[in-house]
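Down below is the structure, laid out as structure tokens.
The values are calculated or read from the model by the stated rules, or taken from the named source; none is laboratory data. This one's a predicted model, so the numbers in the text were calculated from it and none came from an experiment. Positions of Cβ are backbone-derived with ideal geometry, glycine not excepted, and every protein chain shown enters the neighbour counts.
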Amino acid sequence: MFRKVLVALLLLYKVASVYGAENIAGQSAILSETNNQSTSQKDLNNLSVYDYNLKRNAILKVLSRYDSPLMYSAEAFVDICSKYELDCYLLPAITGLESTFGKNIHPGSFNPFGWGGGYINFGSWNEAIATVGSGLKNNYIAKGAVSIEQIGNIYAASPTWASRIHGFMSEFEEAESVGELEYSGLEIKL
């Protein structure tokens, strides 16, 4: 019963927040602000404290679930997504696919993205997040690759890269939805 109530609440939330769907129909997972506004990223440069904390906590929750060494960089993910107008869950999703959230990397490389074929070394997780965020914005999105599929065609050789990134992003989105319910202060009675 609780699961049905939770699903119903999540559906209501999603239906209520799809105001811009007509403008982006036929496109897949817009990753950056363009002429059309992404329904999940309304004003990235001006994230409210609530939204900032919600996204940071969703990232932290998922990374903690995987016992990721990146969990202490949750704020860096949100800061960089805001700075480069990226979907806040794109970068952590890429780390999930490329290195099981930083757990399977070349020792000491701090490269959870597989950036440069995994051979590039960074001085810290935050440096890697900042470098890859900038690289995605300037070398992919600014040049027209605005969907996960378009980025995947350039970023990775695997034809399943984009669908697997979508799967990881869904985990973060679900954690955010649960966080909204937790922070709403609404009491759910069964």
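Here are the numbers:
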read-out	value
Residue within the range 139-157 that is touching a helix residue (DSSP H, G or I) at 6+ places or on another chain (Cβ under 6 Å) and within 15 Å of V62 (Cβ to Cβ) present	no
Residue in the range 129-142 that is out of contact with any Asp or Glu (no Cβ under 8 Å at 6 or more places or on another chain) and of a type in the set (D, E, K, R) present	no
Subset of the range 46-68 that is over 15 Å from T100 (Cα atoms) and not in a helix (DSSP H, G or I) - its residue that is farthest from the chain's Cα centre (by Cα)	S48
Boolean, S99 is within 27 Å of N57 (Cα to Cα), hydroxyl-bearing (S, T, Y) and either touching a residue at least 40 places away in the same chain (Cβ under 8 Å) or exposed (fewer than 15 other Cβ atoms within 10 Å of the Cβ) (or both)	no
Residue count for the range 69-94, restricted to those that are buried (at least 21 other Cβ atoms within 10 Å of the Cβ) and outside any helix (DSSP H, G or I)	4
Boolean, A8 is at pLDDT 95 or above and either part of a helix (DSSP H, G or I) or touching a Lys or Arg at 6+ places or on another chain (Cβ under 9 Å) (or both)	no
Cβ-Cβ under 6 Å pairs, at least 6 apart or on other chains, the range 120-140 side closer than 16 Å to G96 by Cα, far side among the aliphatic types (A, V, I, L, M) and surrounded by fewer than 20 Cβ atoms within 10 Å (Cβ to Cβ)	none
Test: residue in the range 90-113 that is acidic (D, E) and modelled with pLDDT of 95 or more	yes
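Listed here are the residues, each with its yes/no results for (1) closer than 25 Å to D51 by Cα; (2) within 16 Å of the chain's Cα centre (by Cα); (3) not in a helix (DSSP H, G or I).
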{"site": "S109", "(1), (2), (3)": "no, no, yes"}
{"site": "G116", "(1), (2), (3)": "no, no, no"}
{"site": "F122", "(1), (2), (3)": "no, no, yes"}
{"site": "S158", "(1), (2), (3)": "no, no, yes"}
{"site": "I165", "(1), (2), (3)": "yes, yes, no"}
{"site": "F172", "(1), (2), (3)": "yes, yes, no"}
{"site": "L181", "(1), (2), (3)": "yes, no, no"}
